[in-house]
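Novice: Handing you a structure now.
Rule-based calculations on the coordinates, nothing more; no lab input. Predicted model only: the values in this text are computed from it and were never measured. Ideal geometry is used to build each Cβ from the backbone, glycine not excepted, and the neighbour counts take in all protein chains shown.
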Amino acid sequence: MTDIWQNLGYGLTVVAAPANLLAAFAGALVGTLIGVLPGIGPLATVALLLPLTFALDPVTALVMLAGIYYGAQYGGSTTAILVNIPGESSSVVTCLDGHAMARQGRAGSALAVAALGSFFAGCVATVAIAVFGPTLTSVALSFRPADYCSLMVFALVAAVTLARGSPLKAFGMVFVGLLLGTVGTDLTSGTARLTLGLPELAEGLGFVPVAMGIFGITEIVANLERRERRIDTARIGRLLPSASEFRASIAPVFRGTGIGILLGILPGGGAAMSSYASYMVEKRLAREPGRFGHGAIEGVAGPEAANNAGAQASFIPLLSLGVPGNALMALLIGAMMIHGIVPGPQIMTTRPDLYWGLIASMWVGNLMLVIINLPLIGLWVALLRVPYRLLYLVILVFCAIGAYAVNNSSLDLIIVIVFSIFGYLCLKFECETPPMILGLVLGPLFEEYLRRALIFSKGDWSTFVTHPISLGFLLAASALLALIIFPAMRSKRHEVFQDG
Amino acid sequence: MSKPDTMPSKDLCSGIMFVALGAAGLFLLAPLDHGSASRMGAGYFPTLICFALLAIGAAVGLRGISRTAARVQGMQLRPLLVVMAAILSFGLTVRPLGLAVALPLLLFVGALAIPRERWLEVALLAIAMTAFVALVFVVGLGLPIKVLPR
């Protein structure tokens, strides 16, 4: 056990470097900012800022990008409570009771409980990552290629079934991503594939311009199509919760943290899923479920703790297995690969500064976030008054700078444009884009492991079911598939996404 | 009420998209060596993916043929085209002419996406953003972006 504290201590020394502290602060600040502002989310922001982090040290880059992700969870609750607009998909449930509390003049309590609960969850999650991460890593190191293959199948299936929208179309998008991942030169045979004769495509599509087009620009365009709303903010009032409110929040925060950690580890899980699950649990456990939706503090405390724990726990599969649990993690894997770091269980030993530094930075980031969010709340509320027509231009600038920094080739710019159009079509056709980026990132790795597995087994496909670990992952994937195929399970899934 | 009904259904369009991608893939992969399971050639894996795409595309497309399927709606070309144009204009002008020209150009073209009359606002924002980017990204972070036309 003392190992963990030693490692965390080492991580803290990594974070203490001025560049990294600044990065954590910048990430937390930007994260809060975009969390508060509806119309831009952490996924789009990370996609747009990715190219700007090239010049940075990989640890610094990841610390900042990670900060944006969990920072957005804090910011999202602010708008959810004050304005009844979820800044993030994970704050949707916070709107229910949080805004009800605001209308009763208890906005301050809601905000404080949300921030403090998130902080607690963030600290616990940091320790959880430090504990579970290495365990998972050592298990993963004993994986054979067939096991890895099945793990990736499980991750892709999980990402599809736990996501919203039509699973069949989401699968289609996964395959589109896998196909796009094969564009370029096949490493084993040296032949060019799907490159349309263009030498610039020999290295592949360029993950960053694809992400920028499909997440960054498409989101801007989607927001332009919606009409602007007038934003009415509730008064904040006292920032401290009453004694009874505080007491009532304790158990939900604990439960929310646990739920967040469990669901965050699961591929496809993360902040949003955790917050919905926590709300359902709190409602079912409450002595008077009728209070929910009308200002029950448990409906804020639990989900807010859960979404923070979930966001951080979703780093576990990333750091320990090298497998992204959701689209944002996929972007971070892309960032690592661009810096020449091969994701996988070996990161813990080859780049301990990255591993432990990133984990420790989450604790530091959470501390900064509580400070940023509570006292500065007035600032964030004022920002909500900025009309979208101006905000969008600012976002456009960052988008363009990012696009420029990415490339010295006009091809990358064309890729951004092509994928913006593709992203737009997917939006209109209701095809989820996150599964595609997962397929794109995992594709080359998946193919490589598949190839090795089949070479070892001399072409025998049954190798995937004869090895116990591999079989385990495939069974888990099948169980998830059953969730969507059988109607009884299907309605449960819908239930989680509708409000309770 | 009549407008949305004449649009094709979302699932049908998605299905066509998947089938098109799968078919295009198969076409482009045909000349490659596919190899066998025990010795996967360059074309093996992508071809499998293409077949999966064709199957999924067919399934989704068929689902979309029913009359009650959800229709594609709300396609507005203006925002998309304006954003594309803004980014393209930035991309084409930033290297020869520098930030001082490209960034305001980006903002003015981008501003066309929203019907507005407050061009002064846009002009002020252009000046502010150019200064900000020049200071933070070029001077501060050292990104190699030209600021003035030379």
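Novice: Who wins for biggest fluctuation among B:103, B:28, B:12 in a Gaussian network model of chain B, springs between alpha carbons below 10 Å?
Specialist: B:28
Novice: Let me ask you something else. Compute the Cα gyration tensor for segment A:25-87, then decide on rounded, prolate or oblate, letting a ≥ b ≥ c be the square roots of its eigenvalues: rounded whenever a/c is under 1.5, prolate when a/b is larger than b/c in the other cases, and oblate in all that remain.
Specialist: Prolate is the answer for segment A:25-87, as a/c is 1.5 or above and a/b outweighs b/c.
Novice: What is segment A:1-156's relative contact order, in percent, from Cα pairs under 8 angstrom and six or more apart in sequence?
Specialist: About 20 percent, as a whole number.
Novice: Continuing with this model, one more query. Whole-Hz Karplus ³J(HN,Hα) for segment A:334-342, in order, using 6.51 cos²θ - 1.76 cosθ + 1.60 and θ = phi - 60°, x for Gly and Pro?
Specialist: x, 4, 4, 5, 5, 7, x, 9, 7
Novice: Report the FRET efficiency, 1/(1 + (r/R0)^6), for residue B:132 and residue B:7, where r is their Cβ-Cβ distance and R0 is 35 Å, rounded to 0.05.
Specialist: The calculated FRET efficiency here is 0.25.
Novice: Once the Cα atoms of helix B:77-97 and of chain B are each reduced to a long axis, what angle between those two axes, in degrees from 0 to 90 to the nearest 10, is obtained?
Specialist: Tilt of helix B:77-97: around 60 degrees.
Novice: Can you give me the long-range amide H partners of residue A:341? Hydrogens built in the peptide plane at 1.01 Å from N, cutoff under 5 Å, separation of 5 or more residues or another chain.
Specialist: none
Novice: Would you please state which residues of segment A:451-485 a label at residue B:68 would reach in this model, taking the label point 7 Å out along Cα→Cβ and a backbone N cut-off of under 12 Å?
Specialist: Within reach of a label on residue B:68, which here means backbone N under 12 Å from a point 7 Å along Cα→Cβ, segment A:451-485 contributes nothing.
Novice: Still on this structure: What's the whole-number percent of alpha carbon pairs in chain A lying beyond 28 angstrom?
Specialist: Value for chain A: 52 percent of Cα pairs lie more than 28 Å apart.
Novice: Oh, and also: Suppose each label sits 7 Å from its Cα in the direction of the beta carbon; what would the residue A:6-residue A:55 distance come out to in nanometres?
Specialist: Result: 3.9 nm between the two label points.
Novice: Here is a further query. Computed FRET efficiency, Cβ-Cβ of residue B:146 and residue A:284, R0 60 Å: what is it to the nearest 0.05?
Specialist: 0.50
Novice: Is chain B rounded, prolate or oblate when judged by the Cα gyration tensor, a ≥ b ≥ c being the square roots of its eigenvalues, rounded requiring a/c under 1.5 and prolate requiring a/b larger than b/c?
Specialist: Oblate is the answer for chain B, as a/c is 1.5 or above yet b/c matches or exceeds a/b.
Novice: Between residue A:379 and residue A:191, what length in nm is gained on full extension when 0.36 nm per residue of separation is reduced by their alpha carbon distance?
Specialist: 62.1 nm
Novice: Once you keep just the Cα pairs under 8 angstrom separated by 6 or more residues, what percentage relative contact order results for segment A:307-354?
Specialist: 34
Novice: Which of rounded, prolate, oblate describes segment B:42-129, given a ≥ b ≥ c as roots of the alpha-carbon gyration tensor eigenvalues and a/c under 1.5 marking rounded, otherwise prolate only if a/b is larger than b/c?
Specialist: oblate
Novice: Further question: Once the convex hull of the C-alpha atoms of segment A:245-340 is built, how many Å³ does it hold per residue, rounded to a whole number?
Specialist: 87
Novice: Taking 60 Å as R0, compute the FRET efficiency from the Cβ-Cβ separation of residue A:414 and residue A:247 and round it to 0.05.
Specialist: 0.55
Novice: Which cysteines in chain A lack any other cysteine whose Cβ sits under 4.7 Å from their own Cβ?
Specialist: A:95, A:123, A:149, A:399
Novice: Over segment A:135-208, what is the mean sequence separation of C-alpha contacts under 8 Å (at least six apart), divided by residue count, expressed as relative contact order in percent?
Specialist: Reported relative contact order: 18 percent.
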